[in-house]
1. Taking the chain as a Gaussian network, where each spring joins two C-alpha atoms under 10 Å apart, which residue of Gly37, Gly145, Gly184 fluctuates the most?
2. Which whole-percent values make up P(r) of the range 130-228 when all C-alpha to C-alpha distances are grouped in 5 Å steps starting at zero?
3. Specify the residue with the greatest mean-square fluctuation among His129, His68, His167, computed from a Gaussian network of the chain linking alpha-carbon atoms under 10 Å apart.
4. Which of the lysines could a cross-linker bridge to Lys142, judged by Cα under 17 Å and excluding same-chain residues fewer than eight apart?
5. Return the percentage of antiparallel bridges among DSSP beta bridges fully within the chain, rounded to the nearest 5 %.
6. Going by how many other beta carbons lie within 10 Å of each one, how would you line up Ser42, Ser149, fewest first?
7. Cut-off is 10 Å between beta-carbons; in what order do Lys225, Lys142, Lys278 appear when sorted fewest neighbours first?
8. Find, among the GluC sites (Glu not before Pro) in the range 157-219, those assigned to loop by DSSP (not H, G, I, E, B) with at most 13 other beta-carbon atoms within 10 angstrom.
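Just so it is clear, none of the values below were taken in a lab; they were calculated from the coordinates. Given the structure is predicted, the values throughout are model-derived calculations rather than measurements. When we count neighbours, we look across all protein chains shown, and the Cβ atoms used for this are built from the backbone with ideal geometry, even at glycine.
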Amino acid sequence: MRIFDPHVHMSSRTTDDYEAMRAAGVRAVVEPAFWLGQPRTSVGSFTDYFDALLGWEPYRAAQFGVRHHCTIALNPKEANDPRCRGVLELLPRYLAKDGVVAVGEVGYDAMTPAEDEVFRVQLGLAAEHGLPVLVHTPHRDKAAGTRRSLDVVRESGLPPERVLVDHLNELTVAMVKDAGSWMGFSVYPDTKMDERRMVALLKEYGTDRILVNSAADWGRSDPLKTYKVGLAMLEAGFSAGDVDTVLWRNPVAFYAQSGRLELDDAAPEAEYAGNTIKRGG
Ligand SMILES: [Zn+2]
């Protein structure tokens, strides 16, 4: 099985995770910029975070044979914090960089006017930079948040096929399919979407434009969920080709719209900025 995890926050994971992911078939990942679990207090905190997503983390991933890309944005939650608003001015510089394959995660958390404004500004930046967009849908009021996100995307004039709407479930998938955007599902250990529900959705909606991710981060999550969905698909009678479509070809097709995917097996760099992952060497 070859796997592209299109949404996983590797900065908060261990080297054991990288080893297990590669052994299960994960060859490439996208790490979306998001919040830290606690508020950032200044724009400089984002600068260091974005630099790590483009520098140290791809270096670390490469040590385990995993190609690492990222998406860059001011996340919906921190769009509400005036201390973070200056991030919007940083974005053009980062969106020009090679490892950035989309603008994201953007969208709504609590659906405030500030989130609305920041979402629209970033959709405009995506259009300017010719990048696809990763849209986060809120955990509360998901159906209303997803509908409103699709409205805002439509008003922005971005082609729907350049947009991936993530964290979907049985209640929100149809509206995204009808809109013509890509459908993302985050499969978690004990909440929201699981392997069984994911297989049922694939039976109902087919494999076209559907992506599965682990969305693993610092919370309870499992970076092997993509692989486990692949196994569940095979058990349910899907072909190896179907699994490859969902776990590899679809995420590759979506993020290839950036023109910046790197999927060859490159030899890892010995060090990054003079540092390595080795101890005492
Ligand atoms: Zn995320």
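1. Gly37
2. 2, 13, 26, 24, 20, 11, 4, 1
3. With Cα springs under 10 Å in the chain, the top fluctuation among His129, His68, His167 is at His129.
4. Lys77, Lys177, Lys192
5. 5
6. Going from sparsest to densest Cβ surroundings: Ser42, Ser149.
7. Lys278, Lys142, Lys225
8. Glu170
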